[in-house]
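Visitor: Can you read through this structure? Questions will come right after.
The values are calculated or read from the model by the stated rules, or taken from the named source; none is laboratory data. Note that this is a predicted model, so its numbers are computed, not measured. When we count neighbours, we look across all protein chains shown, and the Cβ atoms used for this are built from the backbone with ideal geometry, even at glycine.
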Amino acid sequence: QVQLVESGGDSAQPGGSLRLSCVASGSIHSLYTMGWYRQAPGKERELVAGIGSGGSTNYADSVKGRFTISRDNAKRTVYLQMNSLKPEDTAVYYCNGRFGSSGYWGQGTQVTVSS
């Protein structure tokens with residue numbers, strides 16, 4: 001069993017920054033591909049950023065140049081550094097881990113960007 005617990009969600013003003021963390025426990029290892037997704041009210045869940053076991057990353061076009069995903073395998077933690085936040089970044093952010101046919105989700109953390 002794998003557990004993913006997100007933290008760091010908060011309210012921020014446009015142009016501000018937040019850092020999300022996702023701590024993994026249970027039967028998860030460094031070969032897992034990790035990702036951050038988000039879901040805004042009335043919208044489908046979408047991939048924000050992903051990071052492979054070797055450190056390769058990919059980003060949604062809407063966050064390129066503003067968000068950075070990273071991982072610390074020793075701490076079993078994945079981070080999402082979010083800079084230059086925009087109101088359209090408001091959503092519940094979910095951590096995801098997958099390996100082969102196995103996939104797991106965290107419970108989500110709310111990010112609200114408004115002035």
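Visitor: Looking at 26, 42, 50, which is the one that is free of Cβ contacts under 8 Å to residues at least 40 places away in the same chain and within 12 Å of residue 78 (Cα to Cα)?
Guide: Selected residue: 50, the only one of 26, 42, 50 that is free of Cβ contacts under 8 Å to residues at least 40 places away in the same chain and within 12 Å of residue 78 (Cα to Cα).
Visitor: Under the condition of being under 16 Å from residue 70 (Cα atoms) and of a type in the set (D, E, K, R), which residue from segment 1-19 is surrounded by the most Cβ atoms within 10 Å (Cβ to Cβ)?
Guide: The residue in question is 6.
Visitor: Would you mention how many residues in segment 46-66 are touching a strand residue (DSSP E or B) at 6+ places or on another chain (Cβ under 8 Å) and within 18 Å of residue 84 (Cα to Cα)?
Guide: Residues meeting the conditions: 6.
Visitor: Find all pairs meeting these conditions: Cβ atoms under 9 angstrom apart; at least six residues apart or on different chains; first residue within segment 63-89 and without any contact (Cβ under 8 Å) to a residue 24 or more places away in the chain; second residue of a type in the set (Lys, Arg).
Guide: Sorted first by the residue in segment 63-89, then by its partner, the pairs are 66/86.
Visitor: Here's something else I'd like to know. Residues that are at pLDDT 95 or above and more than 15 Å from residue 45 (Cβ to Cβ): does segment 103-112 have at least one?
Guide: The answer is yes; a qualifying residue exists.
Visitor: Related question: Looking at segment 20-50 only, could you name the residues that are surrounded by 14 or more Cβ atoms within 10 Å (Cβ to Cβ), of a type outside the set (A, V, I, L, M, F, W, C) and part of a strand (DSSP E or B)?
Guide: Answer for segment 20-50, where residues must be surrounded by 14 or more Cβ atoms within 10 Å (Cβ to Cβ), of a type outside the set (A, V, I, L, M, F, W, C) and part of a strand (DSSP E or B): 21, 33, 35, 37, 38, 39, 50.
Visitor: Filter segment 28-45 down to the residues that are touching a strand residue (DSSP E or B) at 6+ places or on another chain (Cβ under 6 Å) and either among the hydroxyl-bearing types (Ser, Thr, Tyr) or within 18 Å of residue 92 (Cβ to Cβ) (or both) and list them by number.
Guide: Within segment 28-45, 32, 33, 34, 35, 36, 37, 38, 39, 40, 45 qualify.
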